[in-house]
């Protein structure tokens, strides 16, 4: 990882403080008059709103921040700053595993290479039964995680259930850097790269994995920025350098309405189709990169309207103590499209995690799609994906996400509120699936269709139901 200093944090576009942290404001009783004065001076000189020193006169730090009504401008104590930096860099102290929860409890989704969990022999799909001898049955995911993390060098004992056997594991907690870039290869030399956040070394890792994909042949590329809250602007800038030789990443507007564009120089090009996945939680640096790729015609954006965080923050050290993160600019895309409170508009709208991924793979060149779904694992054409493909049974019938099945056969899908039915458009025909117990059910705003009934109408869909493992194949032309 790169060595980082305060100036490395100067321009940050992370939504982390909103999505991942709850930072308490400095209490009035804890602040000094010198701190208050220094914060007031910084805000009155650089905050994008144009607020003046007289506007902030006589107010505490907490009151000044409240007056700005800017959720991204905030004060950090020294300890809070460290937490903020760690959140952006994906650094945690714990066992080094990604966990999830289902009806059976908290389990391991992924064990990070070189982590304390890996060294202790923990495995994917281990179910955590107890921590330090105390049962965690029925506890929430966050409650279990809170008991696992702790000070580096301290120990924690986990009792895990693996294939019906209870195993005790002793783990020494350590600092762990969570991977933020993942890549895969699908049939037909279709590359896939997911960026979970724009940490200071995400750009280097992205370029490394892109070069590895190119070295084995690349016909098209999918870049997945879904649920990516952002991070460092410089990382987005360097990733964009893989796609254009020179140009503009963003335009900026400061409190004086001056534009200081962030430029690209010394870049390269990639002569294959590129598709980018965004959703409503893609924010900040994700929107910077997607907006630039879209404006230059480098990539088509698939998914949903993004979050709409179109502002730039700069971190200032307060000599009297702490640090201040201040919104100093609004940014626009290269074609000067507004992002703040608007977001990036996708070229192809796709709703639902699995439907988005399948749509991108179809656009990237995959003809026939095979989805294999089993407990905690989804494979598409033999490649494991991180998207969910939720299946369930009701009255002996198998149900699957309607949007995902529609994406597999490249059909249009819409909701008719008057008839309370899903309408599927395919090959010039419109078919209706009404909300009925044996046909279509709605759960948490998502429609699920009876798989057998769907397959009986669309012959290109083939279903193999083996109980715990279900395989659904869509063959083009059937």
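For region 218-232, state whether one or more residues are under 22 Å from residue 343 (Cα atoms) and free of Cβ contacts under 8 Å to residues at least 40 places away in the same chain.
no
Can you name every residue in region 300-326 that is part of a strand (DSSP E or B) and on the phi > 0 side of the Ramachandran plot?
Result: 303, single match.
Find the residue count for region 70-100, including only residues that are without any contact (Cβ under 8 Å) to a residue 60 or more places away in the chain and surrounded by fewer than 16 Cβ atoms within 10 Å (Cβ to Cβ).
Count: 3.
Please specify each residue of region 403-423 satisfying the condition of being touching a helix residue (DSSP H, G or I) at 6+ places or on another chain (Cβ under 6 Å), touching a residue at least 24 places away in the same chain (Cβ under 8 Å) and in a strand (DSSP E or B).
If the condition is that a residue be touching a helix residue (DSSP H, G or I) at 6+ places or on another chain (Cβ under 6 Å), touching a residue at least 24 places away in the same chain (Cβ under 8 Å) and in a strand (DSSP E or B), then 422 is the only one that fits.
Between 433, 399, which is touching a strand residue (DSSP E or B) at 6+ places or on another chain (Cβ under 9 Å), in a strand (DSSP E or B) and more than 23 Å from residue 357 (Cα to Cα)?
433
Regarding region 349-356, can at least one residue be identified that is assigned to a strand (DSSP E or B), touching a residue at least 40 places away in the same chain (Cβ under 8 Å) and either over 30 Å from residue 438 (Cβ atoms) or under 20 Å from the mean Cα position of the chain (by Cα) (or both)?
Scanning region 349-356, I find at least one residue that is assigned to a strand (DSSP E or B), touching a residue at least 40 places away in the same chain (Cβ under 8 Å) and either over 30 Å from residue 438 (Cβ atoms) or under 20 Å from the mean Cα position of the chain (by Cα) (or both), so the answer is yes.
Would you tally the residues in region 139-171 being in a loop (DSSP other than H, G, I, E, B), in contact (Cβ under 8 Å) with a residue 12 or more places away in the chain and either in contact with a helix residue (DSSP H, G or I) (Cβ under 9 Å, 6 or more places away or on another chain) or within 25 Å of residue 103 (Cβ to Cβ) (or both)?
Residues flagged as in a loop (DSSP other than H, G, I, E, B), in contact (Cβ under 8 Å) with a residue 12 or more places away in the chain and either in contact with a helix residue (DSSP H, G or I) (Cβ under 9 Å, 6 or more places away or on another chain) or within 25 Å of residue 103 (Cβ to Cβ) (or both) within region 139-171 amount to 3.
With surrounded by fewer than 18 Cβ atoms within 10 Å (Cβ to Cβ), closer than 30 Å to residue 391 by Cβ and at pLDDT 95 or above as the only criterion, which of 143, 117 stands out?
Testing whether each residue is surrounded by fewer than 18 Cβ atoms within 10 Å (Cβ to Cβ), closer than 30 Å to residue 391 by Cβ and at pLDDT 95 or above leaves just 143.
Against the definition (surrounded by fewer than 17 Cβ atoms within 10 Å (Cβ to Cβ), part of a loop (DSSP other than H, G, I, E, B), in contact with a helix residue (DSSP H, G or I) (Cβ under 7 Å, 6 or more places away or on another chain) and on the phi > 0 side of the Ramachandran plot), how does residue 297 come out, yes or no?
no
The values are calculated or read from the model by the stated rules, or taken from the named source; none is laboratory data. All of these numbers come straight from a predicted model, not from anything done at the bench. Ideal geometry is used to build each Cβ from the backbone, glycine not excepted, and the neighbour counts take in all protein chains shown.
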